[in-house]
Every structure is written in C-alpha cells, then in structure tokens.
Amino acid sequence: MAVKLPAMTAIACLRILLTAAETAGASVPPAHVEAAADLYLKHRWKHPRRYGVVAPLAFVLADTKAEKLDPEEMQALAIELETSLFPGRKSGQVCLMTFEGDENAVLQFASLSQGELAGLMAGRGYSGAPGHVQVITAEEIRAVPSAPPEAATAPQAKPAATAAPIEAPPKAKPAPAKPAVAPVRPVAAAQPPKPAAPLTTGWRAIYHLPTESVVGAVLGHKADLAAPRPEEDGELLARDLTGLNDAQFGFPTVKTGEGALFLPLSFWNLTTPASQEAYKRRLSRYPLDLQPRLGATVYDTPREPSMGLLQQIRAFLHGSFAYIDLCISDPNFPVNTLPGDIASSITLELRDEPDAERIKAIALFASRQSVYRAKGVHQGVLGVRNAKELDACRAAGLGYVTGLAVSALLDKPPALGANPADALPLQAA
C-alpha cells in the first residue's frame with residue numbers, strides 16, 4: 001500500500017491459496033481470482049478501512065480505528081470470498097493470515113509463494129519477521145507457530161562427558177548387535193485444559209401477556225447492552241454466525257418439544273448467496289429433531305421489502321426453521337401487501353427514542369391488529385425496556401413481548417410456564 005499507515009493501525013494480509021483448486025483440476029486463472037477479490041473488497045472493506053494489492057493474490061487490509069482485527073469477522077470474510085470464488089465446490093481454499101506486528105512484517109508475509117502458504121496450512125510454522133500469525137479459513141481459526149518445528153530426523157546430541165564410562169575394558173569384544181531401542185524421554189506434564197471462552201450471547205424470554213407465561217426464547221448479543229448493532233454486512237454476518245454457534249450450547253438445556261427458540265439473522269445477508277452458504281454450514285450441524293422448535297427472526301427488514309427477496313428468504317429458511325419472524329422498525333409496516341404464508345409473525349423492534357415516542361409506536365402497531373389477524377400473522381414487540389411499555393403492550397392487546405422488562409440476558413433458555421407479570425424481569429438463577 002502506498003499510503004503510510006498510522007502506528008496503531010490493525011493490519012491483516014489476505015492470501016488466496018489455489019493449490020487445492022489446481023489439484024482437483026478446477027483451477028481458476030489467478031487474474032480472475034484477483035479481480036473477483038478486488039471487486040468483493042470494494043463493497044465490503046469500506047472507508048475509513050483501506051486495502052491494497054501488494055503482490056499476486058495478496059491483499060493487505062488496514063483498519064485505522066482498531067488495534068487488531070476481529071478474527072471472527074475475518075472468518076466471515078473468508079467464507080463469503082471462498083463461496084464467491086468457488087461456488088458449489090470445495091476445491092477452492094481461501095486463507096487469511098492476521099498479524100499483530102508492523103507493516104514490514106505484513107509486507108514480508110505477502111511475498112510468500114503458494115508453496116510456502118501450503119506449508120503454513122500444513123503446520124510447518126513461520127520463520128519470518130516477528131508477529132503473531134493466525135490461519136483463518138471457513139472451517140477454523142488457529143495460530144501458526146512463529147518458527148518451523150525441529151525436524152524429526154535431526155541428529156541426536158552426544159551424551160555429556162560425565163555420562164560416559166570412566167574406563168573401557170582393554171580387550172573387550174563387541175557384544176552381539178541388538179535391536180536399537182529409542183531412549184525413553186520423560187513425559188511432559190499434561191497441561192490443564194484451557195477454559196472455554198465465555199459466550200458473547202444469551203437468551204431473553206418471550207412472554208405471552210394474556211396468559212402471563214414464558215413461551216420461548218430469543219438469542220441476544222451482550223454487545224448490544226453497550227452499543228448499537230453494527231451496520232456493515234460483514235460484521236453482521238460474523239455476529240450472526242457467532243450466534244448460531246453459541247445457540248448450540250443452549251440446546252441441550254431445553255426439553256424436547258417445548259417452546260420456540262428464535263435466532264436472529266440479517267435480512268440483507270439472507271439475500272446474498274455467499275452469506276447463505278455461510279449460514280447453511282452452521283445450520284447443517286443442528287439436530288434434525290430440533291427443527292420443529294426453531295424460529296428465525298429476520299432483523300433489518302425494510303419497510304417495503306421486495307416480494308422476490310422475501311420469497312427467496314422464505315425458501316432458504318424453510319428447511320431449517322419452523323417459524324419465520326420479520327423484525328421491523330416501522331409500526332406502519334404494510335402487512336396488508338404481504339401474502340399470509342411469508343411469515344408466521346411480525347415483530348416491532350422499538351427504536352432508541354424517548355419513552356413517549358416508543359409508547360406511540362406500540363399503540364400504532366397495535367391499531368392494525370385486525371389486518372394481522374386476517375393474514376394469520378402474530379404480532380410481537382421486541383426491546384420492551386420498562387413496566388410502562390409492558391403495560392402499554394398489554395392495554396393495546398398485543399400478545400408477545402420480549403426485552404429488558406421481561407428478562408435479563410440469560411445464560412440458557414428460561415424454563416417455560418406461568419410467571420406472574422409482577423415478578424418480571426426474570427433473572428439468571
């Protein structure tokens with residue numbers, strides 16, 4: 001990159017390994033791959049973040065507002081780029097190498113040959129300039145040793161002089177040859193397993209106001225407690241994939257056949273084939289018997305979504321989810337224009353506005369209950385944050401609510417059943 005980067009810039013080198021494609025006889029011309037990657041980055045790696053081509057099939061990514069790049073976001077980028085370059089086959093291998101080092105180290109890494117990249121993937125280590133290196137692919141994130149491991153055939157060191165016999169017998173004949181036995185090496189003490197990384201997600205109860213009972217749960221992100229949801233598609237995809245992974249930890253804690261579990265997915269990423277493929281890989285790990293309980297809550301649904309996009313999303317989600325919830329932010333959402341089979345529910349996500357405006361939005365959303373009922377679509381409210389808003393939903397006749405006023409962000413899906421409204425919000429046990 002021609003521009004000198006600030007000292008605290010986070011830098012990553014994106015390398016595209018084509019060896020697998022060539023081996024499979026499905027090689028893609030490098031110039032086509034590079035052009036596709038460049039076009040992809042123009043749309044995904046936007047200002048103020050920067051990128052540039054520094055060598056054939058090598059890009060440097062820079063973020064001047066971060067100390068280091070998020071490996072999960074990098075993995076989402078790897079997944080999308082791999083799927084875009086090699087759709088429908090496993091022959092393409094895209095790997096990203098992230099550095100915690102200076103710009104010179106990154107540029108040195110960018111000069112590695114395809115063969116050296118393959119060596120890194122095989123675990124031979126990296127002996128270049130100092131810096132922490134990670135291999136990031138669609139399937140894994142792992143650190144690379146900072147230097148090549150010692151060769152197994154390296155000559156053994158001679159024993160120390162103090163270990164040799166003091167005096168050999170003067171005329172001793174050599175003993176008959178015996179099979180060589182490798183010296184027994186002391187076994188290193190077993191390292192205690194590293195503690196599992198804490199989950200960045202949790203579960204909020206879905207509350208049914210008419211019966212005052214918990215009927216399900218929706219996955220939430222702890223980061224939302226401190227900052228608004230990100231806007232970039234790449235960041236949202238990484239966030240969604242993390243949620244799909246974390247959700248699996250909550251599945252064993254719930255009883256079979258009870259309650260719905262809703263997982264948030266981005267509307268716009270659900271319309272992109274590469275992102276769909278990333279979602280599909282995660283969902284393929286889910287137990288089949290859980291499908292009748294799973295729901296997808298599609299956030300950032302626009303006010304007037306394209307019917308073609310909605311049908312595409314529904315077709316994609318239908319095989320993995322029993323329920324589809326469209327999460328909207330406009331209480332005037334034109335539900336009357338939608339076919340009744342597009343979604344099982346539509347949920348109003350309250351904006352970060354003054355209390356009076358939020359109460360008005362609840363009332364306006366509820367005023368169209370007859371239209372929703374005619375369509376056979378349930379209504380819900382997401383983000384209810386206090387008792388006043390909870391009472392407004394009840395008074396307006398809305399049935400399903402979730403948010404801070406209903407429950408904290410719990411480590412596992414809450415138990416189903418009756419819970420008096422005056423005992424809300426639910427807290428972790």
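The values are calculated or read from the model by the stated rules, or taken from the named source; none is laboratory data. The shown structure was predicted, so the numbers you read here are calculated from the model rather than taken from an experiment. We place every Cβ from the backbone using ideal geometry, glycine too, and count neighbours over all the protein chains shown.
Checked against (1) assigned to a loop (DSSP other than H, G, I, E, B); (2) touching a residue at least 40 places away in the same chain (Cβ under 8 Å); (3) under 19 Å from Pro273 (Cβ atoms), Asp352 passes all but a single condition, namely (3).
Could you check, for segment 316-325, whether at least one of its residues is part of a loop (DSSP other than H, G, I, E, B), touching a residue at least 40 places away in the same chain (Cβ under 8 Å) and over 21 Å from the mean Cα position of the chain (by Cα)? Yes. Residues that are of a type in the set (Gly, Ala, Ser), at pLDDT 70 or above and under 17 Å from Val60 (Cα atoms) within segment 77-124 comprise Ala78, Ala105, Ala110, Ser111, Ser113, listed in sequence order.
The rows are residues; the columns are (1) out of contact with any strand residue (DSSP E or B) (no Cβ under 9 Å at 6 or more places or on another chain); (2) of a type in the set (Gly, Ala, Ser).
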{"site": "Gly340", "(1), (2)": "yes, yes"}
{"site": "Ser344", "(1), (2)": "no, yes"}
{"site": "Arg351", "(1), (2)": "yes, no"}
{"site": "Glu357", "(1), (2)": "yes, no"}
{"site": "Lys360", "(1), (2)": "yes, no"}
{"site": "Phe365", "(1), (2)": "no, no"}
{"site": "His378", "(1), (2)": "no, no"}
{"site": "Cys393", "(1), (2)": "no, no"}
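The condition of being in a helix (DSSP H, G or I), under 23 Å from His221 (Cβ atoms) and not aliphatic (A, V, I, L, M) holds for only one of Arg358, Arg385, that being Arg358. Scanning segment 372-390 for residues that are more than 16 Å from Ile328 (Cα to Cα) and either more than 36 Å from the chain's Cα centre (by Cα) or among the polar types (S, T, N, Q) (or both) gives Ala374, Asn386. For segment 263-306, residues that are farther than 24 Å from Thr83 by Cα and surrounded by fewer than 19 Cβ atoms within 10 Å (Cβ to Cβ) total 10. Counting residues in segment 279-297 that are more than 20 Å from Cys327 (Cα to Cα), out of contact with any Gly (no Cβ under 8 Å at 6 or more places or on another chain) and touching a residue at least 60 places away in the same chain (Cβ under 8 Å) gives one or more. Here Pro56 passes the criteria (1) at pLDDT 75 or above; (2) under 13 Å from Gln114 (Cβ atoms); (3) crowded, with 18+ Cβ neighbours inside 10 Å except the one numbered (3).
Can you find a residue that is within 18 Å of Ile346 (Cβ to Cβ), outside any helix (DSSP H, G or I), in contact with a Lys or Arg (Cβ under 7 Å, 6 or more places away or on another chain) and in contact (Cβ under 8 Å) with a residue 24 or more places away in the chain anywhere in segment 255-278? Among the residues of segment 255-278, at least one is within 18 Å of Ile346 (Cβ to Cβ), outside any helix (DSSP H, G or I), in contact with a Lys or Arg (Cβ under 7 Å, 6 or more places away or on another chain) and in contact (Cβ under 8 Å) with a residue 24 or more places away in the chain, which makes the answer yes.
Cβ-Cβ distances below 6 Å connect no pair with a first residue in segment 56-79 that is closer than 18 Å to Leu17 by Cβ and assigned to a strand (DSSP E or B), a second residue that is acidic (Asp, Glu) and at pLDDT below 80, and a separation of six or more residues or different chains. Residues in segment 327-349 that are assigned to a helix (DSSP H, G or I) and surrounded by 12 or more Cβ atoms within 10 Å (Cβ to Cβ): Val335 alone. Could you run through segment 211-235 and say how many residues are part of a helix (DSSP H, G or I) and free of Cβ contacts under 8 Å to residues at least 40 places away in the same chain? So the count comes out to 2. In this structure, Ala129 does satisfy being assigned to a loop (DSSP other than H, G, I, E, B), modelled with pLDDT under 80, farther than 24 Å from Glu231 by Cβ and among the small types (Gly, Ala, Ser).
Among the residues of this structure, Leu398 counts as one that is at pLDDT 95 or above, surrounded by 20 or more Cβ atoms within 10 Å (Cβ to Cβ), over 26 Å from the mean Cα position of the chain (by Cα) and under 19 Å from Val335 (Cα atoms).
Listed here are the residues, each with its yes/no results for (1) at pLDDT 90 or above; (2) loosely packed, with under 10 Cβ neighbours inside 10 Å; (3) hydroxyl-bearing (Ser, Thr, Tyr); (4) not assigned by TED's automatic domain parsing to the domain that holds Tyr279.
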{"position": "Pro179", "(1), (2), (3), (4)": "no, yes, no, yes"}
{"position": "Pro183", "(1), (2), (3), (4)": "no, yes, no, yes"}
{"position": "Ala196", "(1), (2), (3), (4)": "no, yes, no, yes"}
{"position": "Ala226", "(1), (2), (3), (4)": "no, yes, no, no"}
{"position": "Pro230", "(1), (2), (3), (4)": "no, no, no, no"}
{"position": "Asn245", "(1), (2), (3), (4)": "no, no, no, no"}
{"position": "Phe251", "(1), (2), (3), (4)": "no, no, no, no"}
